[in-house]
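Chemist: Got a structure for you, questions after.
The values are calculated or read from the model by the stated rules, or taken from the named source; none is laboratory data. Here the structure is a predicted model, which is why all the values come from computation and not from measurement. For neighbour counting, all protein chains shown are included, and Cβ atoms are generated from backbone atoms with ideal geometry for every residue, glycine included.
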């Protein structure tokens, strides 16, 4: 992930030199025509990123449906 400072002087926009923020493994270089953007930045500057995991390190997801913990049986 990279960032570049932007300066606005009157009607002129002057982009600065990009700098690397941190390494990522974003699928589709961050923009995928099928899935839209793979990242977002919050107002306070934090990042939310979908990343590609190695097949060997993936774990299954357990989905619990119709869970009603307040129901007495």
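Chemist: All but one of (1) modelled with pLDDT of 70 or more; (2) surrounded by 10 or more Cβ atoms within 10 Å (Cβ to Cβ) hold for residue 61; state the number of the condition that does not hold.
Modeler: (2)
Chemist: Which ones in the range 3-34 are closer than 14 Å to residue 47 by Cβ and either at pLDDT 95 or above or surrounded by fewer than 10 Cβ atoms within 10 Å (Cβ to Cβ) (or both)?
Modeler: 20, 22, 23
Chemist: Evaluate the following for residue 39: is it surrounded by 10 or more Cβ atoms within 10 Å (Cβ to Cβ), in contact with a helix residue (DSSP H, G or I) (Cβ under 8 Å, 6 or more places away or on another chain), at negative phi and at pLDDT below 85?
Modeler: Details: surrounded by 10 or more Cβ atoms within 10 Å (Cβ to Cβ): yes; in contact with a helix residue (DSSP H, G or I) (Cβ under 8 Å, 6 or more places away or on another chain): yes; at negative phi: yes; at pLDDT below 85: yes.
Here the answer is yes, as residue 39 does meet what is asked.
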